[in-house]
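First up is the structure itself, then whatever we jot down about it.
The values are calculated or read from the model by the stated rules, or taken from the named source; none is laboratory data. Remember, predicted model here, so these are calculated numbers, not experimental data. Backbone-built Cβ (ideal geometry, glycine too); neighbour counts: all protein chains shown.
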């Protein structure tokens, strides 16, 4: 029996192929180019670069917004014409005609408003996506060697500051439309009486300039407050991320005290910033109110003197009323938006500078597709550590020492006390490309990506090693279906399963020098024993450094460097040499 096709679904598919869907965002984000941020770029210049970066979306949105705002300002003009040409003459035909014009005007401006708002929202999303791609590239793939996990401050910039800076894209849409509406109002009043139009043409820019001057103090304080907020959010994120280390060194009270101090300082900054915003809104409202009252009073005076007709007076009053929200929106929305966007621009530039500072070195990896294992040496953290080519060396250390060693290996230029050397050369003198082509560090806290098990294991690694890496990491009990999804950050897996997937990903890189930090803390003893037995075979011929406190893992190493000094660890080599 032939299944009956779904007419609705079939028709929808055909319609989608034949006709473009208006203003429908693509299902997946397209390729994006990071924003350029050279050294010394001013926040205002970078903000302008962001605002002008999507003309295919911003220009249509701006044109539609101009139609919307000018259309609203034209309503009292059409009403005044209807009164003068229809009601005053008693012509029913003219009345019907102008009512039709008014209905058509409302249809046009409401349609333009809907499309302008939709395009503006899409513009903000496009700018946010590109800004986050820019920050991610700079933080995760720096060119200056500052290789370190992103801290809480970077996370704050990725969320709060990126949102404020992307909202700056609206500055090309709504302010331009409101300025166009103010120009239309001025021309219409100029047609009614030259003095009214001249007053608006001269007074409106002066009023906007005065409100801009009043916003300077608020703008400066906004930048300071956003810095305090980002610092506090970063401190909270770092405190949660490093809670294990904080508990290990028993620094809970000190960490809490520091966070409370930062939070209290941020609260004071928030209260001060809110007070400055309130004073700015009151003063800007007074400026716009006085200006609009002056225009309305002058129009009434001309009507009393008989210089304006009834329809012209109604149009003038309506235009003056339409003028007030335009100026108030510029004062209460656009100017604070500009202040917040400029402050966010400075914060984003700081993050880009931290992530991409320094000169790019042209030194590349060796021409060989797989570099040979090197000699890794670490000094300045207690007992010196040396890993010869092909060795599996263990390091037994406390949480604090282990974290320092891993941090120095992730970012050799960041720690002045711990020195990392590769093949006799200081790692801080090597280019990041050269160093990372030989040394891969798998930190204890690993992140899984939304996708399948295969996606997570093979990302950045060798796909042909997928099965053997999963076997070495003891993933066989749950990774039989390699294409099963792991969920967001691996939320469909248990803690031990996530840790084994992260270990398999590190092994699949087949790095010449691989550093593992506590890779089995969340797995059961049987599984840990299996991992320990398979690790040496999988990494045969490559150099491996295991920083752990697990006796099972350390016992599988060729030798162990002890930073605790509370007893020897019997290694695999010692067991094999025992009678």
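For residue 433, work out the one condition from (1) in a helix (DSSP H, G or I); (2) touching a strand residue (DSSP E or B) at 6+ places or on another chain (Cβ under 6 Å); (3) surrounded by fewer than 18 Cβ atoms within 10 Å (Cβ to Cβ) it doesn't fulfil.
Result: residue 433 passes all but (2).
For residue 456, all conditions in the list (1) in a loop (DSSP other than H, G, I, E, B); (2) buried (at least 20 other Cβ atoms within 10 Å of the Cβ) hold save one; what is the number of the exception?
The single condition residue 456 does not satisfy is (1).
In the range 402-420, what count of residues is obtained for those that are modelled with pLDDT of 80 or more and either more than 21 Å from residue 548 (Cα to Cα) or not assigned by TED's automatic domain parsing to the domain that holds residue 511 (or both)?
Residues flagged as modelled with pLDDT of 80 or more and either more than 21 Å from residue 548 (Cα to Cα) or not assigned by TED's automatic domain parsing to the domain that holds residue 511 (or both) within the range 402-420 amount to 1.
Can you tell me how many residues within the range 467-497 are closer than 24 Å to residue 512 by Cα and buried (at least 20 other Cβ atoms within 10 Å of the Cβ)?
So the answer is 6.
So which residues in the range 169-193 are closer than 18 Å to residue 315 by Cβ and not in a helix (DSSP H, G or I)?
193
Of the residues in the range 394-428, how many are assigned to a strand (DSSP E or B) and without any contact (Cβ under 8 Å) to a residue 60 or more places away in the chain? Talk me through it step by step, then tell me what you get.
Pass one, the range 394-428, residues assigned to a strand (DSSP E or B): 394-396, 419-422, 425-426.
Okay, now just the ones that are also without any contact (Cβ under 8 Å) to a residue 60 or more places away in the chain, so 419-421, 425-426.
Total satisfying the criteria: 5.
Checking residue 529 against (1) touching a residue at least 24 places away in the same chain (Cβ under 8 Å); (2) surrounded by fewer than 19 Cβ atoms within 10 Å (Cβ to Cβ), which single condition isn't satisfied?
Exception for residue 529: condition (1).
Within the range 360-379, identify whether any single residue is modelled with pLDDT under 75 and buried (at least 18 other Cβ atoms within 10 Å of the Cβ), and answer yes or no.
Within the range 360-379 (the criterion being modelled with pLDDT under 75 and buried (at least 18 other Cβ atoms within 10 Å of the Cβ)), the answer is yes, since at least one residue qualifies.
Yes or no: the range 302-319 includes at least one residue that is in a helix (DSSP H, G or I) and modelled with pLDDT of 80 or more.
Checked the range 302-319: no residue is in a helix (DSSP H, G or I) and modelled with pLDDT of 80 or more.
Taking the range 275-289, which residues are under 30 Å from residue 235 (Cα atoms) and either surrounded by 13 or more Cβ atoms within 10 Å (Cβ to Cβ) or in contact (Cβ under 8 Å) with a residue 40 or more places away in the chain (or both)?
276, 277
The conditions are (1) modelled with pLDDT of 75 or more; (2) under 29 Å from residue 279 (Cβ atoms), and residue 189 fails exactly one of them. Which is it?
The number of the failed condition is (2).
State which residue pairs qualify: first residue in the same structural domain as residue 235 (by TED's automatic domain parsing) and farther than 10 Å from residue 235 by Cα and inside the range 254-265, second residue modelled with pLDDT under 80 and part of a helix (DSSP H, G or I) in any location, beta carbons under 9 Å apart, and separation of 6 or more residues or different chains.
254/246; 256/239; 265/228; 265/231; 265/232
Can you find even one residue in the range 41-50 that is more than 29 Å from residue 317 (Cβ to Cβ), in contact (Cβ under 8 Å) with a residue 40 or more places away in the chain, more than 19 Å from the chain's Cα centre (by Cα) and crowded, with 18+ Cβ neighbours inside 10 Å?
no
I want to confirm something. Restricting to the range 112-153 and keeping residues that are assigned to a loop (DSSP other than H, G, I, E, B) and over 26 Å from residue 232 (Cβ atoms), which single residue is modelled with the highest pLDDT?
Start the filter on the range 112-153 by keeping residues that are assigned to a loop (DSSP other than H, G, I, E, B), which leaves 141-151.
Among the residues that remain, those that are also over 26 Å from residue 232 (Cβ atoms) are: 141, 143-145.
Details: 141: 60, 143: 53, 144: 47, 145: 45.
For the range 112-153, the residue satisfying everything is 141.
Quick one: which of 95, 63 is in the same structural domain as residue 319 (by TED's automatic domain parsing), over 32 Å from the mean Cα position of the chain (by Cα), without any contact (Cβ under 8 Å) to a residue 60 or more places away in the chain and surrounded by 15 or more Cβ atoms within 10 Å (Cβ to Cβ)?
95
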